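> After the structure tokens below, expect a handful of questions from me.
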Amino acid sequence: MEVARVAALRGHQVSLYESKPALGGGQLTLAEAPPHKEKLPWLGEYLTRQLERLPVKVHAESPVDSATVEREAPDVLVVATGAVPVIPDIPGIDGENVVTAFRVLEGELATEGKQVVVLGGRRVGTETAEFLTLRGASVTLVTRSPLSQLAIDATPTYRVPLLRRLRKAEVKFIGDHDVKGINGQGLTLLGPGQNEEFIAADLVVIARGAVSQRSLADEAAGLVKEVHVIGDSVEPRSIAEAMYEGTMAGRRI
């Protein structure tokens, strides 16, 4: 959206393709879902309004592949297809009681009264844990790192109150543990010294990070002379970094 805005302001003819029904419906919507993010939707609203005022052709619900690129024959292609969750190689990971944090943050799962285990102790995992507590779930967060590293990728001014709220919500933390396997009743953890511990769970949530989704750039490399890859398609990072790269890409074209 930011690339489209800047490029259109500079006089380029811009077409914006979005696979979701609405603009900003990907990572930005997920980032807005946890509590205390009341002002974050302003960014998506601002960008949407700006694009409405500019001659940008918006194609919603329009996934793009190399055939689309070949048909449209653009002078420049900007790939900002984001990232997808990392799915660890754990026995039982494909069970019906296992979902990604992204799926949870979409808000369509009924979690009230359920025992939920979140795998992953960085910002996404801790925010998802808080999201679940506010929807009536009893949450245990399991991380392979020491508990001192919880939400370590968040800024201190955000991290400290987040962890305080999680403790107040009685989220149980288990650090220095990996997962041996998952079944319909819960999961088996491996602790220091390879000690095993079984935890009952109605739902297991995977929050082990994300991996860049840039296959379109590779597929279209021979079809377009100028290709830019930006945002999480380069490496999963912050909204601020995505906005910066969008601005700079729009200026370079």
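> Please state which of the following conditions residue 24 fails to meet, knowing it meets all the rest: (1) closer than 25 Å to residue 249 by Cβ; (2) open to solvent by 30 Å² or more (accessible area, probe 1.4 Å); (3) under 19 Å from the mean Cα position of the chain (by Cα); (4) of a type outside the set (Val, Ile, Thr).
Unmet for residue 24, out of (1) closer than 25 Å to residue 249 by Cβ; (2) open to solvent by 30 Å² or more (accessible area, probe 1.4 Å); (3) under 19 Å from the mean Cα position of the chain (by Cα); (4) of a type outside the set (Val, Ile, Thr): (2).
> Against the conditions (1) small (Gly, Ala, Ser); (2) closer than 23 Å to residue 73 by Cβ; (3) out of contact with any strand residue (DSSP E or B) (no Cβ under 7 Å at 6 or more places or on another chain), where does residue 233 fall short? Just the number, please.
Answer for residue 233: the failing condition is (3).
> Another question about this same structure. Might you check whether a residue that is farther than 24 Å from residue 141 by Cβ, free of Cβ contacts under 8 Å to residues at least 40 places away in the same chain, in a helix (DSSP H, G or I) and not basic (Lys, Arg) occurs anywhere in segment 69-92?
no
> Where residues in segment 132-142 are open to solvent by less than 10 Å² (accessible area, probe 1.4 Å) and either in a loop (DSSP other than H, G, I, E, B) or in contact with a Leu (Cβ under 6 Å, 6 or more places away or on another chain) (or both), which of them is nearest to residue 34 (Cα to Cα)?
Of everything passing the filter in segment 132-142, 139 is nearest to residue 34 (Cα to Cα).
> On the given criteria, is residue 220 under 20 Å from residue 110 (Cβ atoms) and either touching a residue at least 40 places away in the same chain (Cβ under 8 Å) or not charged (D, E, K, R) (or both)?
no
> Now, a different point. Which of the following residues is more than 21 Å from residue 198 (Cβ to Cβ), touching a helix residue (DSSP H, G or I) at 6+ places or on another chain (Cβ under 8 Å) and touching a residue at least 24 places away in the same chain (Cβ under 8 Å): 119, 105, 141?
Details: 119 fails: more than 21 Å from residue 198 (Cβ to Cβ); 141 fails: more than 21 Å from residue 198 (Cβ to Cβ).
Checking each option against the conditions leaves just 105.
> What single numbered condition from (1) at pLDDT 95 or above; (2) surrounded by fewer than 17 Cβ atoms within 10 Å (Cβ to Cβ); (3) of a type outside the set (Ser, Thr, Tyr) fails to hold for residue 38?
Evaluating residue 38 over (1) at pLDDT 95 or above; (2) surrounded by fewer than 17 Cβ atoms within 10 Å (Cβ to Cβ); (3) of a type outside the set (Ser, Thr, Tyr) leaves (1) as the failure.
> With the requirement that a residue be modelled with pLDDT under 95 and crowded, with 16+ Cβ neighbours inside 10 Å, what does segment 188-209 give you?
209
The values are calculated or read from the model by the stated rules, or taken from the named source; none is laboratory data. This is a predicted model, so every value here is computed, not measured. Heads up, the Cβs are rebuilt from the backbone with ideal geometry, glycines too, and the neighbour counts pull from every protein chain shown. When the accessible area is computed, the model is the full protein with side chains, heavy atoms only, and any ligands, DNA or RNA have been set aside. Shrake-Rupley method; radii C 1.70, N 1.55, O 1.52, S 1.80 Å.
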